[in-house]
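Each reported figure results from applying straightforward, stated rules to the coordinates on display, with no laboratory input. All values reported here derive from a predicted model rather than from experimental measurement. Cβ: placed from backbone, ideal geometry, glycine included. Neighbour counts: every protein chain shown.
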Amino acid sequence: MDKVFIKNRNGVKLAIVVEQTPNQKGLAFVMYGQGGFKEDLNVRTFTEAFLGKEYTVITFDTTNTIGESGGKMEDATITSYYQDLEDVIEWSKSQEWYQEPFVLAGHSLGGICIALFAQKYPEKVRALAPISTVVSGKLTWETMPKEELEEFRRKGYIVTPSISKPGVMKKLSWASMEDRLKYDLIPEAGKLIMPVLMIVGEKDTSTPLRHEELLYGKLPGKKEIHVIKGAPHTFRDPEHLKEIKQVFLNWIDKI
């Protein structure tokens, strides 16, 4: 495992981890959701599945989150996450292990970012795994109770404790909600012609199954969707993670 630090397009530090496999059969980039970090349980589960199938795997901390990269979390948006993904892939092109097409996997906000990349560069993406993905900013707004949304707008931010990193408080700005409204995967879902794996928790209230099915129904190619019984939006239960890893292992064999 190698860790490197680069600068993104805005000159801010990005932490990248490269887990190279000797007999490389593929390359995968794995991305977490809002407020996450590259070592979180979702990222490790997806990563270990790819490593088990002899893929080289790239994980990274986006800027403006709770990992090792620079920036402030209150500045995190889909736009900033997506630009960091592009910058990590661009840096990767100069590395000896780089290959195209590659696989993209991401959870939640990371899910919409990898799907946006695949819509823009379908020829570069061998397969896509947007897990518990944000489908559109508009749908995100609809999941929040009106009173909560109004208070968020009035205050300009919300602060919540990190479950993954106890003691860390996550501050999210209203600007991030406004930024989300720029994005919607549905209109260009037809560009996602590569094999697509979707997974969602049965009890997910942030990106519920009905949202995932809207996107799934528009996908033109080889696709599958799995519902993890009893699981919430963020997967932490060992049994849920074990099931998800097996789904990934089976899917990787098919791509």
Under 12 Å by backbone N from the virtual spin label 7 Å along Cα-to-Cβ at L51, the residues of region 21-37 are 21-22
Out of P232, T160, T143 - ranked by how far each Cα lies towards the positive end of the dipole of the chain, with unit charges on the beta-carbon of charged residues - the top one is T143
Listed by chain and number, the aspartates and glutamates with an alpha carbon less than 15 angstrom from that of K254, same-chain partners under 8 positions apart left out, are E54, E224
Computed over all unlike Cα pairs, the Kirkwood hydrodynamic radius of region 5-72 in Å stands at 12.4
Computed for region 130-209: size of charge dipole around the Cα centre, +1 on C-beta of each Lys and Arg, -1 on C-beta of each Asp and Glu, debye to nearest 20, value 300
About its Cα centre, region 29-135 carries a charge dipole, from +1 on Lys and Arg Cβ atoms and -1 on Asp and Glu Cβ atoms, whose size in debye to the nearest 20 is 320
Taking only the Cα positions of region 43-87, the convex hull volume per residue in Å³ is 84
With +1 on the Cβ of every Lys and Arg and -1 on the Cβ of every Asp and Glu, the dipole magnitude of the chain about its Cα centre, in debye rounded to the nearest 20, is 140
Stokes-Einstein, Kirkwood over Cα pairs, the chain, 25 °C, 0.890 mPa s; D in µm²/s equals 135
The pairs in K53/K245; K25/K93; K124/K245; K38/K165; K13/K53 lying past 20 Å Cα-Cα in this model are K124/K245; K13/K53
Sequence order, region 241-247: Karplus ³J(HN,Hα) from phi using 6.51 cos²θ - 1.76 cosθ + 1.60, θ = phi - 60°, Hz rounded, Gly and Pro as x, gives 5, 5, 5, 5, 4, 5, 4
Rounded to two decimals, the Debye log10 I(q)/I(0) of region 185-237 (Cα scatterers, no solvent) at q = 0.12, 0.26 Å⁻¹ is -0.28, -0.97
The relative contact order of the chain, taking Cα pairs under 8 Å that sit 6 or more residues apart, comes to a percentage of 18
Scaled by the rule-of-thumb 2.2 N^0.38 Å, the alpha carbon Rg for region 148-225 gives a ratio of 1.42
Checked region 111-247 with the C-alpha gyration tensor, a ≥ b ≥ c its square-rooted eigenvalues, rounded below a/c of 1.5, otherwise prolate if a/b is larger than b/c and oblate if not; verdict oblate
For region 49-184, averaging the sequence separation of alpha carbon pairs under 8 Å that lie six or more residues apart and dividing by its residue count, the contact order in percent is 23
Per DSSP loop assignment and a cutoff of at most 15 other beta carbons within 10 Å, the chain keeps its longest run without exposed GluC sites (Glu not before Pro) at 97-187
